[in-house]
1. Hey, any hits in region 72-80 for a residue that's without any contact (Cβ under 8 Å) to a residue 60 or more places away in the chain, touching a Cys at 6+ places or on another chain (Cβ under 7 Å), within 15 Å of GLY115 (Cα to Cα) and of a type in the set (Val, Ile, Thr)?
2. Mind telling me which of the residues ILE14, ILE7, ILE39 ends up being in contact with a Ser or Thr (Cβ under 7 Å, 6 or more places away or on another chain) and of a type in the set (Val, Ile, Thr)?
3. Could you tell me which residue of region 10-60 is nearest to GLY115 (Cα to Cα), considering only residues that are touching a Lys or Arg at 6+ places or on another chain (Cβ under 6 Å) and among the acidic types (Asp, Glu)?
4. Considering only region 32-51, how many residues are among the aliphatic types (A, V, I, L, M) and either assigned by TED's automatic domain parsing to the domain that holds VAL106 or farther than 21 Å from ARG21 by Cα (or both)?
5. Would you confirm, using the coordinates I've provided, whether LEU101 is out of contact with any strand residue (DSSP E or B) (no Cβ under 9 Å at 6 or more places or on another chain) and of a type in the set (A, V, I, L, M, F, W, C)?
6. Limited to region 63-72, what total is found for residues that are surrounded by fewer than 16 Cβ atoms within 10 Å (Cβ to Cβ) and touching a Phe, Trp or Tyr at 6+ places or on another chain (Cβ under 8 Å)?
7. Hey, can you tell me all the residues within region 79-116 that are exposed (fewer than 14 other Cβ atoms within 10 Å of the Cβ) and of a type in the set (Ser, Thr, Tyr)?
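The values are calculated or read from the model by the stated rules, or taken from the named source; none is laboratory data. None of these values were measured; they are calculated from a predicted model. Here the Cβ positions follow ideal geometry from the backbone for every residue, glycine too, while neighbour counts run over all protein chains shown.
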Amino acid sequence: MSMQDPISDMLTRIRNAQSSRKSFVEIPFSKAKRNMIYILKKEGFIRNFEIVEKNRWINVLRVYLKYFNKKPVIEKITRVSRPGLRVYQKSKSLSEVMDGLGISIVSTSKGIMTGKEAKRIKLGGEIICKVS
């Protein structure tokens, strides 16, 4: 069975793991997902991540989730652009998430980055998701 939207699957796995208070979650590996997870780590939404080799051909991302006072640090993680409806914005239109407390992850011509970084270097792109 093929997966139609792997990024939505990744976000759902994180959401479900946090609602059941798991310490980590495993996600099928791809470079785009690795870059998104790296941004989440850099912005302080997860503790850490590592690439684990399941067997010779299959790698997974093991994402260690972060909690504060027994509550998940990621309150809300939503997919914005999806295969059926792509959402693009110019750099001037990139807005803050929760007045700067959250982030948006944007796919630009220079790679995947936060909305703040994209706005700073004046690049627009596809809004992948918003995290708060």
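1. Here is the first cut: in region 72-80, the ones without any contact (Cβ under 8 Å) to a residue 60 or more places away in the chain are 72-73, 75-76, 80.
Those still in the list that are touching a Cys at 6+ places or on another chain (Cβ under 7 Å) too: 80.
If we keep only those that are within 15 Å of GLY115 (Cα to Cα) too, we end up with 80.
Those left that are additionally of a type in the set (Val, Ile, Thr): 80.
The answer is yes, given that some residue of region 72-80 is without any contact (Cβ under 8 Å) to a residue 60 or more places away in the chain, touching a Cys at 6+ places or on another chain (Cβ under 7 Å), within 15 Å of GLY115 (Cα to Cα) and of a type in the set (Val, Ile, Thr).
2. Values: ILE14 fails: in contact with a Ser or Thr (Cβ under 7 Å, 6 or more places away or on another chain); ILE7 fails: in contact with a Ser or Thr (Cβ under 7 Å, 6 or more places away or on another chain).
Being in contact with a Ser or Thr (Cβ under 7 Å, 6 or more places away or on another chain) and of a type in the set (Val, Ile, Thr) holds for just one of ILE14, ILE7, ILE39, which is ILE39.
3. By that ranking, first place goes to GLU50.
4. Of all residues in region 32-51, those among the aliphatic types (A, V, I, L, M) come to 32, 36-37, 39-40, 46, 51.
From the residues that got through so far, the ones that are either assigned by TED's automatic domain parsing to the domain that holds VAL106 or farther than 21 Å from ARG21 by Cα (or both) too are 32, 36, 39, 51.
The number of residues fulfilling the criteria is 4.
5. Values: out of contact with any strand residue (DSSP E or B) (no Cβ under 9 Å at 6 or more places or on another chain): yes; of a type in the set (A, V, I, L, M, F, W, C): yes.
Yes; evaluated as a whole, the condition is true for this residue.
6. Total meeting the criteria: 1.
7. Correct list: TYR88, SER93, SER95, SER109.
Let's see how each residue does on (1) over 26 Å from MET3 (Cα atoms); (2) free of Cβ contacts under 8 Å to residues at least 12 places away in the same chain; (3) aliphatic (A, V, I, L, M); (4) touching a helix residue (DSSP H, G or I) at 6+ places or on another chain (Cβ under 9 Å):
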site	(1), (2), (3), (4)
ARG21	no, no, no, no
ILE46	no, no, yes, yes
VAL87	no, no, yes, no
SER104	no, no, no, yes
THR114	no, no, no, yes
VAL131	no, no, yes, yes
